[in-house]
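What follows is a short report on a single structure.
The values are calculated or read from the model by the stated rules, or taken from the named source; none is laboratory data. Everything quoted here is computed from the prediction, not taken from an experiment. Glycine also receives a Cβ, built like all others from the backbone with ideal geometry; neighbour counts cover every protein chain displayed. Keep in mind that these areas ignore ligands, DNA and RNA; they rest on the heavy atoms of the full protein, side chains included. Shrake-Rupley method; radii C 1.70, N 1.55, O 1.52, S 1.80 Å.
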Amino acid sequence: MRKIALHIQILIGMASGLAFALLSVKLGWSTSLTTNYIKPFGTVFLNSLKMVAIPLVFVSLVVGVTSIEDVTKLSRIGGKTFFIYTATTILAVVLGLTIANLIEPGKVIAGQTRDRLMTLYASEAEQRGETVQAIQNQNAPLQIFVDLIPENLVASMSKNEHLLQVVLVAIMLGIALLRIPPRKSRPVVLFFEGINDAIIELIRFIMNLAPIGVFSLVASLLVEVVGDSKPSEIFEILYALLWYVVTVVLGLVCMTFVVYPIMLRLFTRMSYVQFFKGIYPAQLVAFTTSSSSATLPATMERVEKHLGISEEISGFVLPLGATVNMDGTALYQGIAIVFIAQALGIELSTTAQLIIVANVVISSVGVAGVPGGAMVTTMILLQALGIPAAGLALILAPDRILDMCRTVTNVTGDAVAAVIIASSEK
Ligand code: ASP
């Protein structure tokens with residue numbers, strides 16, 4: 001019998017998760033049934049992916065840097081990566097702002113609905129505000145730079161949120177290995193290469209769990225969202241925010257399915273059909289996990305094995321991208337800020353919007369590739385722009401769904417960059 005391809009299995013998993021959730025809500029099964037017996041499978045899958053994220057980032061960056069071999073080539077590839085990541089993020093925010101200004105989703109929200117949402121989500125928004133306050137209290141203006149260098153590597157490797165520090169140390173170690181005599185660096189590099197291959201093999205095992213994991217994640221997410229509240233209430237809120245949701249999704253679709261294909265067309269010889277065929281299982285994982293870091297193993301596997309990009313490039317570009325390049329998040333933040341301002345009746349001048357572009361581009365580097373990672377930075381941005389941060393309450397309800405969508409764009413953006421850089425190096 002022919003084995004069903006993995007990505008088809010993942011799709012089936014997703015559809016079954018949706019069907020299960022509908023059935024569970026319809027037949028009034030208790031939420032705890034799903035939480036106790038379905039959700040754990042999803043958690044196991046998610047944890048397995050997260051478990052390999054840090055070792056994968058560290059080892060693949062060391063191998064990536066050392067396999068580039070000469071420092072000139074490394075700085076060339078590094079420069080290109082920096083350029084593409086910055087350019088696509090700017091493009092994403094500008095696209096987001098343009099669409100938000102055209103559709104004006106904040107102006108159609110009724111005053112009544114706005115007030116209701118503000119009360120309903122006030123405490124949640126306040127909680128995020130406290131996190132922001134705590135960060136701001138301990139932070140000096142240059143704290144971001146100070147935070148880049150860990151005082152203890154082992155400690156920073158123990159937390160997925162500290163991925164940026166791990167990235168930096170791995171790149172520095174790679175460069176150091178390039179500079180010492182090959183007689184000494186060779187065994188170390190071979191050691192890392194061995195671990196790298198073993199991790200990739202491990203990922204292959206884990207990805208075999210994806211269909212079940214995806215089923216369980218989709219089912220439990222939906223059942224828990226509907227949970228104890230009435231479905232009609234959820235629909236009411238979603239309906240009130242429909243224009244906002246439509247605006248964000250439209251922006252993400254444009255970025256993913258129009259802007260990226262144009263870039264592929266202009267800068268590579270790969271057709272977008274080939275690209276999407278190769279990458280889409282990773283997009284499905286991104287959609288269900290809402291986490292670029294957790295999706296990284298799948299992204300790397302797809303880009304190397306199915307898009308034919310060398311380990312040298314993907315090992316450098318992708319771990320970096322999963323940590324710092326968030327086009328979907330940047331686009332979303334642009335729209336969210338304009339939406340909140342419009343809903344609260346605040347006019348944003350062109351200068352204010354340019355300030356948004358600059359701020360979003362810089363802050364998106366600090367967004368952690370985890371579910372809801374963008375929330376804290378969005379709040380900081382609102383405060384920086386003088387928009388009441390309590391306005392965040394307006395966008396919390398549909399955030400989980402939008403998070404799933406923007407993570408797909410985040411991951412796709414990294415893969416596009418890898419393909420472009422690889423073809424420019426040929
Ligand atoms: N969940 C997103 C990611 O992991 C980050 C965010 O936008 O919240 O890429």
Residues being within 12 Å of LEU46 (Cβ to Cβ) and either charged (D, E, K, R) or open to solvent by less than 10 Å² (accessible area, probe 1.4 Å) (or both) - total across the range 201-227:
5
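Table: residues versus (1) among the aromatic types (Phe, Trp, Tyr); (2) in a helix (DSSP H, G or I); (3) surrounded by fewer than 24 Cβ atoms within 10 Å (Cβ to Cβ).
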{"residue": "GLU304", "(1), (2), (3)": "no, yes, yes"}
{"residue": "GLY328", "(1), (2), (3)": "no, yes, no"}
{"residue": "LEU331", "(1), (2), (3)": "no, yes, no"}
{"residue": "GLY334", "(1), (2), (3)": "no, yes, no"}
{"residue": "ILE337", "(1), (2), (3)": "no, yes, no"}
{"residue": "ILE340", "(1), (2), (3)": "no, yes, no"}
{"residue": "LEU348", "(1), (2), (3)": "no, no, yes"}
{"residue": "ALA352", "(1), (2), (3)": "no, yes, yes"}
Before we move on, is LEU394 outside any helix (DSSP H, G or I), more than 10 Å from the ligand (Cβ to nearest atom) and within 19 Å of VAL108 (Cα to Cα)?
no
In the set ILE313, ILE262, ILE309, the lone residue that is open to solvent by 20 Å² or more (accessible area, probe 1.4 Å), within 23 Å of PHE82 (Cβ to Cβ) and more than 11 Å from the ligand (Cβ to nearest atom) is ILE262
Considering every residue within the range 377-386, establish whether at least one is surrounded by fewer than 24 Cβ atoms within 10 Å (Cβ to Cβ), of a type in the set (Val, Ile, Thr), free of Cβ contacts under 8 Å to residues at least 12 places away in the same chain and away from the ligand (no atom under 13 Å from the Cβ).
no
Please state which of the following conditions ILE77 fails to meet, knowing it meets all the rest: (1) open to solvent by 10 Å² or more (accessible area, probe 1.4 Å); (2) part of a helix (DSSP H, G or I).
(1)
The one condition SER364 fails out of (1) closer than 15 Å to GLY413 by Cα; (2) free of Cβ contacts under 8 Å to residues at least 24 places away in the same chain is (2)
For the range 80-117, which residues satisfy the criterion of being under 18 Å from VAL249 (Cβ atoms) and open to solvent by less than 50 Å² (accessible area, probe 1.4 Å)?
ALA92, VAL93, LEU95, GLY96, LEU97, ILE99, ALA100, PRO105, GLY106, ILE109
Residue pairs qualifying under the 6 Å Cβ cut-off, at least six apart or on distinct chains, with the first in the range 393-421 being under 21 Å from GLU126 (Cβ atoms) and open to solvent by 10 Å² or more (accessible area, probe 1.4 Å) and the second being more than 10 Å from the ligand (Cβ to nearest atom) and not aromatic (Phe, Trp, Tyr), are LEU396/GLU124; ALA397/ILE237
Given (1) open to solvent by 10 Å² or more (accessible area, probe 1.4 Å); (2) out of contact with any Ser or Thr (no Cβ under 6 Å at 6 or more places or on another chain), identify the lone condition not met by VAL360.
(1)
Expected output for the range 316-335 (first residue in contact (Cβ under 8 Å) with a residue 60 or more places away in the chain and over 15 Å from VAL416 (Cβ atoms), partner within 10 Å of the ligand (Cβ to nearest atom) and assigned to a loop (DSSP other than H, G, I, E, B), Cβ below 7 Å, 6+ apart or cross-chain) is THR323/GLY369; THR329/VAL367
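Residue-wise test of (1) at pLDDT 90 or above; (2) over 25 Å from VAL258 (Cβ atoms); (3) within 16 Å of the ligand (Cβ to nearest atom).
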residue: ARG302; (1), (2), (3): yes, no, no
residue: THR323; (1), (2), (3): no, yes, yes
residue: THR329; (1), (2), (3): yes, no, yes
residue: TYR332; (1), (2), (3): yes, no, yes
residue: VAL338; (1), (2), (3): yes, no, no
residue: GLN342; (1), (2), (3): no, no, no
residue: ALA352; (1), (2), (3): no, yes, no
residue: ILE362; (1), (2), (3): no, yes, yes
residue: VAL370; (1), (2), (3): no, yes, yes
